[in-house]
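The values are calculated or read from the model by the stated rules, or taken from the named source; none is laboratory data. Predicted model only: the values in this text are computed from it and were never measured. Cβ: placed from backbone, ideal geometry, glycine included. Neighbour counts: every protein chain shown. These accessible areas exclude ligands, DNA and RNA; they are computed on the full protein's heavy atoms, side chains included. Shrake-Rupley method; radii C 1.70, N 1.55, O 1.52, S 1.80 Å.
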Amino acid sequence: MKKVTNYENQKVLVLGLAKSGVSAALLLHELGAFVTVNDGKQFDQNPDAQDLLSLGIRVVTGGHPIELLDEDFSLMVKNPGIPYTNPLVVKAQEKGIPIITEVELAYEIAECPIIGITGTNGKTTTTTMIAQLLNTERANGLARLSGNIGFPASSVAQEATKDDELVMELSSFQLLGITQFHPQIAVITNLYEAHIDYHGTREEYVAAKWRIQENMTAADQLILNFNQVELRELAKSTKATVVPFSTTEKVAGAYLAEGKLFYLEEEIMPASDLGVPGSHNIENALAAIAVAKLRGVPTAAIRHALSLFTGVPHRTQYVGEINGRRFYNDSKATNSLATEKALAGFERSNLILLAGGLDRGNEFDELEPYLTGLKAIVLFGETKEKLQKTAEKAGVAVIELTENAETAVPIAYRYSEPGDTILLSPANASWDQYTNFEIRGERFMQAVARLKKEVEQ
């Protein structure tokens, strides 16, 4: 990593732990800062805080006392999930203390180029695709996954060499905390309404996403989804060189035409050869192709890697087959739009959907046209009655209610026949029943494995 001296003997407050907070605290400690970590979880239930204390890092747990800011901190590194309405954050802003997220630290120490990926949906899949393409037939270094994908950017940046690339998934929460952050290539997969409870308005959410390009220059490339009028308009206000992608028309970038994927005038591959289903994955692949071509990856290598790409865990992930029924885990679909995208990738007449979860107060009217024609739907969680009403309006013939994602599996199998697909795509967050969407997806896959064992005995 780069030698950075500007944190030596500086008092820095790391607000909130989890993976990114721990990573930031360790890095700043190594860079010579006087680090104080503040986390809401009680110390005796907080192994991360215990580990940091054992290394000589000061920890304050069990709440966020305002009086902490009576000390002379020169910087706050905020966990992305902590809102700017938090009283400690508000007070820090009033005192003029700079507030960043740990991706800014990663940028400061990174010796290698950064490829940043953001958007409402498709970030994780596109980020993973890009890393796989850039590592295909690579002679030197690695394309390293980092950021919101589960690998703290400031940890990965410490390990990366000048021959590497950081392929960094970035949330709107993270992007609110950047100042100098500067990717050489950036991707915005799409923009829809999301996280309004955090940002306040859709305009603020979009503005946070758009920050990914604010330090880019004409020497950098910004890859944008030209299916969206909003991104076409935003493209006019960037200094970066815009590289569009589209599934609806030929553009000066990556595009779909006559069932084939192209970059400029060069045919890359038939869309049907992609290893993952769905029109949304065609968009993801076009964005990844644009990055790969800009980085000089040979077309044959791109074609080979994308044909073998089978998705990422919990995002339209192929789980397996039982007596001719194919199972897919799309637990990461935590909103209606993500489920719409997943449903668009399958023939609905032989599709059984498993959905439901945390009730955030919204209705599901926008899902109705995508449920029309389903063979069956199995619903669970707090929103099952709301989704039942939507499914009834859509004319779904078979609607079953059950307890959770696990109990939904044998019910779905009971209504299925060989050639059918059973898809978990909840359209809701998991927190009513599961700690996170990953655990929900794991429990679903475990239920499929149990069913397979029972059926094949």
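Odds and ends about this structure:
- Residues (open to solvent by 70 Å² or more (accessible area, probe 1.4 Å) and either charged (D, E, K, R) or on the phi > 0 side of the Ramachandran plot (or both)) located in the stretch 12-38: K19, E30
- Any hit, the stretch 291-301, residues being outside the structural domain of M129 (by the TED database) and modelled with pLDDT of 95 or more: no
- The condition (being at pLDDT below 95 and not assigned by the TED database to the domain that holds A427) is satisfied by just one residue among G81, G62, G96: G81.
- Filter pass, K260 being in the same structural domain as G116 (by the TED database), more than 29 Å from E193 (Cβ to Cβ), open to solvent by 10 Å² or more (accessible area, probe 1.4 Å) and within 24 Å of the chain's Cα centre (by Cα): no
- Within the stretch 420-457, the set of residues being of a type in the set (D, E, K, R) and open to solvent by 20 Å² or more (accessible area, probe 1.4 Å) comprises D432, E438, E442, R443, R450, K452, K453, E454, E456.
- Complete set of residues in the stretch 304-322 that are of a type outside the set (A, V, I, L, M), modelled with pLDDT of 90 or more and in contact with a Leu (Cβ under 9 Å, 6 or more places away or on another chain): S307, F309
- Some residue of the stretch 234-241 being in contact with a strand residue (DSSP E or B) (Cβ under 7 Å, 6 or more places away or on another chain) and surrounded by fewer than 16 Cβ atoms within 10 Å (Cβ to Cβ): yes
- Checking each residue in the stretch 268-296 for being surrounded by 19 or more Cβ atoms within 10 Å (Cβ to Cβ) and basic (K, R) picks out only K293.
- Within the set A408, A449, the sole residue that is over 25 Å from A344 (Cα atoms), at pLDDT 95 or above and either outside any loop (DSSP other than H, G, I, E, B) or not acidic (D, E) (or both) turns out to be A449.
- The listed residue being within 30 Å of D163 (Cα to Cα) and out of contact with any Asp or Glu (no Cβ under 9 Å at 6 or more places or on another chain), out of G119, G32: G119
- Residues of the stretch 145-183 that are open to solvent by 60 Å² or more (accessible area, probe 1.4 Å) and touching a strand residue (DSSP E or B) at 6+ places or on another chain (Cβ under 9 Å): N148, F151, E159, T179.
- Some residue of the stretch 370-380 being among the polar types (S, T, N, Q), in a loop (DSSP other than H, G, I, E, B) and open to solvent by 60 Å² or more (accessible area, probe 1.4 Å): yes
- G296 in contact with a Ser or Thr (Cβ under 8 Å, 6 or more places away or on another chain) and not aromatic (F, W, Y): no
- The listed residues are E406, E417, and the only one of them that is in contact (Cβ under 8 Å) with a residue 12 or more places away in the chain, farther than 22 Å from K341 by Cα, charged (D, E, K, R) and open to solvent by less than 70 Å² (accessible area, probe 1.4 Å) turns out to be E406.
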